[in-house]
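Everything below concerns the one structure shown next.
The values are calculated or read from the model by the stated rules, or taken from the named source; none is laboratory data. Please read these numbers as outputs of a predicted model, since none were measured by experiment. Cβ placement follows ideal geometry from the backbone for every residue including glycine, while neighbour counts extend to all protein chains displayed.
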Amino acid sequence: LKETDFSAEELPAVFSLAQQLKQSRAALFGAGSSARVAPEFRQLNAQSWGMIFAKSSTRTRVSFEVGIQELGGYPIFLSKGDIQLGRGETVADTARVLSRYLHGLIVRTYAHAELEELAAHASMPVVNALTDFLHPCQIYADLFTLAEKWTAKTGGNNHSGGGAAGTVIGESLVASLRGRKLAYLGDCSFNMANSWILGGALFGMQIVLAGPADFGPGPQIDALLAEAGLPKNYVFTSDAREAVREADAVYTDVWASMGQEDEARERRRLMEPYAVTRELFAAARPDAFFMHCLPAHAGEEVEQAVLDDPRSIIFDEAENRLHIQKAIMATLCASAAAGHA
Ligand code: CP
Ligand code: NVA
């Protein structure tokens, strides 16, 4: 449901598994096979996973549907309006009923409390596919993407094996994130900013957020950091250039998120100083990466030239959603089988 539901100790294994799944898939494609996953990775064999989506989605929906199928499972997409939840059936009853049919549930909705209520009444793993408050699958994919880039640059070993060797690779991926600075620009009060604060804290990164004064992180995210025993690792400033200075990665997101369409005009006016232009991006380290969860609005929060820059890794992030989510589902599935979910 949130980044801190995996401990810092568990995440290297999740990263290792994602890397193995990615390499296995690439090898099968390269060999011209119609299969996309080796038999040893069919962790969701014969399982049915539901996907309740109350908001639009391209990446999350498709990467989860493909990922569930590739792990040997069967995805059932349920737009909120198609099920009785959209006509007033309670969240608790929906969770109880679906738990009788399904092995796991992916949920994209507005209120984070609704996701928590579904999970509280479900007897299967429930995965956050974005709420107004957090987007953990995106952050895990983003962290994995940065770790891949930074271990490749420092000559890190990208050949993972299984078991203990795989965990060692995962640990080197995770270690590559420690101490790095990420600048986040724009709306610093919503899901992506909150998720960077939590994900950054978990991996020892320094997160500097810049946006209009009324769009800063709220007390709810500080409460989560405290609850997880993590340090308050972030700074919020109104100075975009100061945020980007010496940054190893520069991140932005849309200024008007899903559900905020009516505020788009006013938000454009307020957030314009935080647009990632070529000039602003040049203030980061020369080897800094540009990142965006997508969809992007070129000409608003980011200039097209920055999206097209060789240091833009937006499509690697999108691809890695598939691999990391497969690793997350396989891990939860193993945990549920062991009676821990
Ligand atoms: N980044 C992301 O979650 O994209 P979608 O809204 O297309 O799923
Ligand atoms: N902040 C955006 C993220 C989309 C992936 C939104 O919630 O619409």
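Summary of computed values
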| read-out | value |
| --- | --- |
| Condition broken by S123, with the remaining ones in (1) polar (S, T, N, Q); (2) in a helix (DSSP H, G or I); (3) away from ligand 1 (no atom under 14 Å from the Cβ) satisfied | (2) |
| Of the criteria (1) surrounded by fewer than 20 Cβ atoms within 10 Å (Cβ to Cβ); (2) more than 16 Å from ligand 1 (Cβ to nearest atom); (3) under 29 Å from A223 (Cα atoms), which one R269 fails | (3) |
| Some residue of segment 282-302 being under 24 Å from R25 (Cα atoms) and either without any contact (Cβ under 8 Å) to a residue 40 or more places away in the chain or assigned to a loop (DSSP other than H, G, I, E, B) (or both) | yes |
| Failed condition for L102, given (1) closer than 24 Å to G199 by Cβ; (2) more than 16 Å from ligand 2 (Cβ to nearest atom); (3) surrounded by 18 or more Cβ atoms within 10 Å (Cβ to Cβ) | (1) |
| Only one of V235, V174, V244, V208 that is more than 27 Å from A264 (Cβ to Cβ) and modelled with pLDDT of 95 or more | V235 |
| Check on A284, away from ligand 2 (no atom under 14 Å from the Cβ), surrounded by 15 or more Cβ atoms within 10 Å (Cβ to Cβ), farther than 27 Å from Y110 by Cα and not β-branched (V, I, T) | yes |
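Condition check ((1) assigned to a helix (DSSP H, G or I); (2) within 16 Å of ligand 1 (Cβ to nearest atom); (3) surrounded by 15 or more Cβ atoms within 10 Å (Cβ to Cβ)) across all residues:
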residue: L21; (1), (2), (3): yes, no, yes
residue: A26; (1), (2), (3): yes, no, no
residue: F29; (1), (2), (3): yes, no, no
residue: I52; (1), (2), (3): no, yes, yes
residue: V62; (1), (2), (3): yes, yes, no
residue: P75; (1), (2), (3): no, yes, yes
residue: L78; (1), (2), (3): no, yes, yes
